[in-house]
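**Student:** Take this structure, written in C-alpha cells, and hold onto it; I'll ask about it next.
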C-alpha cells in the first residue's frame with residue numbers, strides 16, 4: 001500500500017472472530033440501568049487479540065489502537081465511532097482555502113500521566129519525529145507535510161500539496177502526541193495524556209487501566225477497566241455467565257440466546273469498517289485470469305454467508321458503508337453458479353484445485369461455505385489453517401498463496417488497492433491515479449466520487465471478493481452504560497463507560 005505497509009498486516013486481525021457484520025445500531029435495545037453508576041467500579045471487558053508489546057509508536061497491530069488510542073494516548077484531533085473528526089488536544093482548527101495550511105489551537109493545562117506538562121514543542125517534536133523516523137508506524141502519512149511549527153499555543157502544519165486525508169490521518173497513530181525526551185519503556189509502559197493510566201499488564205491474560213484523576217477533560221466514569229483476553233467465544237460466554245466479565249466484544253451473534261437467557265446481558269450490533277476479504281494471488285497461474293476470479297466471486301452465495309454468521313450485511317467492493325466513497329456494488333458480481341461455470345469454461349479451466357490459507361484462530365464457518373460453493377462449480381478448495389506468524393510470512397510477506405481470507409478492520413484503507421506492492425497483488429494504474437486525485441482534491445464531494453470510481457474498477461477487475469461487511473457484536477451487561485457499539489474492533493473509547501451495582 002502507499003502509506004501503511006506494516007500496520008494493516010496485523011490490524012486486520014484485531015477482532016479474531018468471523019461473526020461480525022453490519023447492522024443498524026438501533027436494531028437492538030440498549031440495556032436499561034436503574035442504579036446510579038459507581039465511580040469506584042471496576043469494569044471487565046473481554047477482548048480477543050492481545051498485543052505483543054505496548055509500543056504504539058513502532059509496533060503494528062490494531063490490538064494496540066483498539067485500547068490505547070483515546071484512552072491512553074491522544075492527538076490534536078480524534079474520531080467518533082461514527083467516523084466524525086472532532087477536537088481533542090486541539091480546541092479548534094482551520095484549513096486554508098488552498099488546502100496547504102492547517103492551524104490548530106492547543107488545549108492549555110494538559111499534563112502527561114507522569115505529571116509533566118504538555119507543551120507546543122511536544123506536539124512539534126511528536127509530529128516531526130513521526131514524519132522523519134520511518135521506524136514510527138505510519139510515518140509516511142505525513143509525507144506531504146513540509147513544516148511543523150508552533151507560535152504560542154498555535155500549531156501550524158504546512159503542506160507541499162493538498163492532502164484530503166491529513167485530518168483523518170491525524171486522528172490515528174500519525175497524530176499521537178508524546179512527551180519529548182521521555183525515558184519510559186514504551187514496550188511495557190505508557191505515558192500519555194488520556195483519561196486512563198496504564199496500571200498493569202499481566203502478559204497472556206489481561207491489561208488494566210486506572211482512571212487518570214488529573215485528566216484535562218471530564219474524568220472517566222469508572223475507577224478501573226480490565227481487558228481480559230479470551231480468544232475462544234465459548235470460554236468468553238462462560239466467563240460472562242459466571243459474572244467474571246461485564247462486556248464481551250468480538251462475540252458470536254449466534255450465541256445471543258445463551259448470553260441473554262438470564263437477563264444479565266444484551267447483545268448489541270453496531271456497524272463497523274470490518275471487511276471479510278478473500279484475497280486472490282493474481283501474479284501467476286489461473287488466478288491471473290480475471291474470468292477465473294470473477295467465476296469464484298459469482299460462485300459464492302454471500303447471503304448464505306450472512307445467514308451462517310447470524311448477522312450481517314453483504315459487501316461487493318473494497319469500501320464499507322461507513323467510509324467515504326461507498327457504493328453498493330452488488331451488480332458487479334451477483335450470485336450465479338451457472339455464470340461462474342461458463343466463465344471457467346471460457347477461460348479453459350477445469351478441475352481447478354486451489355488452497356485457501358487462513359489464520360488458525362478463525363472459525364471454520366467461512367471456509368466451510370467457500371469449500372461447498374466452489375465445489376458446486378468444479379473448483380476443489382483445500383483449506384490450510386496456519387499460525388498467524390506463518391500467515392504473515394507466507395501470505396503477507398512472501399505472497400506464497402492462492403487464496404487467503406482475513407478480516408481487515410481498519411477504516412479508510414482503500415490505499416491498499418492503490419499499492420501494487422501490497423499482498424493483494426493488484427496493480428491497476430487507473431485506480432492508482434484516481435486514488436492520488438482523491439487525496440489531492442480539496443472538495444470533499446469530489447474526493448469521495450473519485451474513491452467511488454476507483455472502487456468500482458477494483459470490483460469490476462475482481463481484484464478480490466468481499467464476503468461481508470462486519471459489525472461490532474458486543475454483549476453488554478445490563479449494569480453497564482456508555483459502552484461503544486460502533487467499530488469497536490478498531491477503537492474502544494471508554495471515557496464514558498459506567499457501571500452500577502445492579
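The values are calculated or read from the model by the stated rules, or taken from the named source; none is laboratory data. Keep in mind the model is a prediction, meaning the values are calculated, not measured. Glycine gets a Cβ as well: all are built from the backbone with ideal geometry, and neighbour counts include every protein chain shown.
**Student:** How many residues, within the stretch 96-109, are buried (at least 16 other Cβ atoms within 10 Å of the Cβ) and closer than 14 Å to residue 156 by Cα?
**Tutor:** 7
**Student:** Would you call residue 283 assigned to a loop (DSSP other than H, G, I, E, B) and surrounded by fewer than 21 Cβ atoms within 10 Å (Cβ to Cβ)?
**Tutor:** yes
**Student:** Also, I was wondering about something else. Taking the stretch 369-394, which residues are more than 21 Å from residue 343 (Cβ to Cβ) and in contact (Cβ under 8 Å) with a residue 60 or more places away in the chain?
**Tutor:** First, pick out the residues of the stretch 369-394 that are more than 21 Å from residue 343 (Cβ to Cβ): 382-394.
Within the stretch 369-394, 388, 392 meet the criteria.
**Student:** Next question. Of the conditions (1) buried (at least 18 other Cβ atoms within 10 Å of the Cβ); (2) outside the structural domain of residue 327 (by TED's automatic domain parsing); (3) touching a strand residue (DSSP E or B) at 6+ places or on another chain (Cβ under 7 Å), residue 237 clears all except one; give me its number.
**Tutor:** (3)
**Student:** Taking the condition part of a loop (DSSP other than H, G, I, E, B) and surrounded by 14 or more Cβ atoms within 10 Å (Cβ to Cβ), does residue 52 pass?
**Tutor:** yes
To keep it simple, each residue is scored yes or no on (1) surrounded by 19 or more Cβ atoms within 10 Å (Cβ to Cβ); (2) in contact with a strand residue (DSSP E or B) (Cβ under 6 Å, 6 or more places away or on another chain); (3) farther than 25 Å from residue 102 by Cβ.
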{"residue": "143", "(1), (2), (3)": "no, no, no"}
{"residue": "163", "(1), (2), (3)": "yes, no, no"}
{"residue": "174", "(1), (2), (3)": "yes, no, no"}
{"residue": "178", "(1), (2), (3)": "yes, no, no"}
{"residue": "186", "(1), (2), (3)": "no, no, yes"}
{"residue": "189", "(1), (2), (3)": "no, no, yes"}
{"residue": "197", "(1), (2), (3)": "yes, yes, yes"}
{"residue": "206", "(1), (2), (3)": "no, yes, yes"}
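**Student:** Of everything in the stretch 341-372, what is in a helix (DSSP H, G or I), within 20 Å of residue 289 (Cβ to Cβ) and out of contact with any strand residue (DSSP E or B) (no Cβ under 9 Å at 6 or more places or on another chain)? Give them in sequence order.
**Tutor:** Answer for the stretch 341-372, where residues must be in a helix (DSSP H, G or I), within 20 Å of residue 289 (Cβ to Cβ) and out of contact with any strand residue (DSSP E or B) (no Cβ under 9 Å at 6 or more places or on another chain): 341, 342, 343, 345, 346.
**Student:** Something else now. Suppose we filter 160, 156, 183 for residues that are over 26 Å from the mean Cα position of the chain (by Cα) and within 21 Å of residue 419 (Cβ to Cβ); which single one remains?
**Tutor:** Of the residues listed, the single one that is over 26 Å from the mean Cα position of the chain (by Cα) and within 21 Å of residue 419 (Cβ to Cβ) is 160.
**Student:** Taking the conditions exactly as written (outside the structural domain of residue 413 (by TED's automatic domain parsing), within 19 Å of residue 111 (Cβ to Cβ) and touching a helix residue (DSSP H, G or I) at 6+ places or on another chain (Cβ under 7 Å)), does residue 177 satisfy them or not?
**Tutor:** Yes.
**Student:** Still on this model: Quick check: anything in the stretch 110-124 buried (at least 24 other Cβ atoms within 10 Å of the Cβ) and under 26 Å from the mean Cα position of the chain (by Cα)?
**Tutor:** To start, the set of residues in the stretch 110-124 that are buried (at least 24 other Cβ atoms within 10 Å of the Cβ) comprises 123.
Applying the additional criterion that residues be under 26 Å from the mean Cα position of the chain (by Cα) yields 123.
Checked against the condition, which is being buried (at least 24 other Cβ atoms within 10 Å of the Cβ) and under 26 Å from the mean Cα position of the chain (by Cα), the stretch 110-124 yields at least one hit.
**Student:** How many residues, within the stretch 211-250, are over 24 Å from residue 118 (Cα atoms) and in a loop (DSSP other than H, G, I, E, B)?
**Tutor:** 11
**Student:** Kindly indicate which of 209, 178, 227, 196 is at pLDDT 95 or above and over 23 Å from residue 499 (Cα atoms).
**Tutor:** 178
**Student:** Note down all Cβ pairs under 7 Å where the first residue falls in the stretch 75-103 and is closer than 20 Å to residue 150 by Cβ and outside the structural domain of residue 444 (by TED's automatic domain parsing), the second is surrounded by fewer than 13 Cβ atoms within 10 Å (Cβ to Cβ) and modelled with pLDDT under 95, and they're at least six residues apart or on different chains.
**Tutor:** Note: no pairs meet the criteria.
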